[in-house]
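The values are calculated or read from the model by the stated rules, or taken from the named source; none is laboratory data. Please read all numbers here as calculations on a predicted model, not as lab measurements. In this analysis, Cβ positions are derived from the backbone assuming ideal geometry, glycine residues included, and neighbour counts consider all displayed protein chains.
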Amino acid sequence: MIRHDSSKHKALTFQYGSDQRSSGLAWLALDLWLLGYPTQAERAGAEAIALAKEIGHALGVAHALRFGGCYLDIFRRDPCSAREHAMALKEFSERQRFAFFLSEAKLILAWTLVEQASTQSLAAQMREAYANREITGHRFNGPFLLALLADAEERAGRSAIGLRVLDEALALVEEMDERWWEAELHRLKGQLLLSLTADSAAVAEACYERAINIARGQSAKSLELRSSTSLAQLWHMQGKAKAAHELLAPIYAWFTEGFDTPDLKEAKALLDQLS
């Protein structure tokens, strides 16, 4: 339970740079999703943004829009909502002259448009935004943002370039020891390898298994489900339906909410095929 009272602890807002309750809720939203509670995560993110806007502290609003909005929408695979939050963050950052938040908003906004126009210019925009972000001196969350760039390259039909971006992201994971999105990086690597050639099935399988093991070690149930679904899909295509079902069924059964989200819907559809 968050016991911080914004009306009683206003001084802390200026001491730490943002309201502690709205900031805590924004971080909580990400943690809840990773731990396997997507519905509670969505509520926490919405509350973080509403509270930050009510308080009106500029950095707090940007922080809430970034984590409780953009990042969480990407977690939930909701590009429409991510586009709305990224546009709001972009416009707010331009008014406040927040170069760091503006760069991330532009990167995320370009990512949300890839499905509509898989052009090289969008990936270039994302790379430019990422470079501008680094100029501000901030490198945290770099692996997560590079994963978006790799995903955009794949959807634009440039998986080989996407793999190089993932190598860059994984190198940054080791350099920064920032591992909260590491499992997804390995899952994406397996996915991109498969999109290049069917001969890479064994290597892709190893990537998926590594992603699952990392997610399990972090109790990141949502990432474990996503990686397990990818591996189960591969095994299903290889005629290993029983093994695929045995892998996917337990992690799907663990969830108690979020059954309307893409990850859980895809896992359920695959389980129905495997039954």
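For the condition within 14 Å of the chain's Cα centre (by Cα), modelled with pLDDT of 95 or more, within 30 Å of residue 197 (Cβ to Cβ) and crowded, with 21+ Cβ neighbours inside 10 Å, residue 145 qualifies.
Under the condition of being outside any helix (DSSP H, G or I) and within 21 Å of residue 155 (Cβ to Cβ), which residue from the stretch 94-138 is modelled with the lowest pLDDT? Ranking the qualifying residues of the stretch 94-138, first place goes to 118. Set side by side, the residues 257, 178, 224 differ, and just one is in a helix (DSSP H, G or I) and acidic (Asp, Glu), which is 224. The residue that is farthest from residue 216 (Cα to Cα), counting only those in the stretch 35-61 that are surrounded by 20 or more Cβ atoms within 10 Å (Cβ to Cβ) and out of contact with any Ser or Thr (no Cβ under 6 Å at 6 or more places or on another chain), is 61.
Out of the stretch 198-221, which residues are part of a helix (DSSP H, G or I), of a type outside the set (S, T, N, Q) and within 25 Å of residue 29 (Cα to Cα)? Passing the criteria: 211, 212, 214, 215, 216, 217, 221. Note on the stretch 243-255: among residues that are free of Cβ contacts under 8 Å to residues at least 12 places away in the same chain and of a type outside the set (A, V, I, L, M), the one that is nearest to residue 223 (Cα to Cα) is 250.
Per the conditions (1) crowded, with 21+ Cβ neighbours inside 10 Å; (2) over 24 Å from residue 182 (Cβ atoms), the sole criterion not satisfied by residue 75 is (2).
Here is the figure for the stretch 217-242: residues that are small (Gly, Ala, Ser), farther than 15 Å from residue 38 by Cα and touching a residue at least 40 places away in the same chain (Cβ under 8 Å) total 3.
Considering 123, 169, the condition of being touching a Pro at 6+ places or on another chain (Cβ under 6 Å), buried (at least 18 other Cβ atoms within 10 Å of the Cβ) and farther than 28 Å from residue 244 by Cα is satisfied by 169 alone. The test for being surrounded by 22 or more Cβ atoms within 10 Å (Cβ to Cβ) and either over 16 Å from the mean Cα position of the chain (by Cα) or closer than 17 Å to residue 126 by Cα (or both) does not hold for residue 156. Per the conditions (1) assigned to a helix (DSSP H, G or I); (2) in contact (Cβ under 8 Å) with a residue 60 or more places away in the chain, the sole criterion not satisfied by residue 185 is (2). On the stretch given as the stretch 149-198, residues that are among the basic types (Lys, Arg) and at pLDDT below 95 total 2. For the stretch 208-265, filtered to residues that are crowded, with 18+ Cβ neighbours inside 10 Å and among the β-branched types (Val, Ile, Thr), the residue that is nearest to residue 75 (Cα to Cα) is 261.
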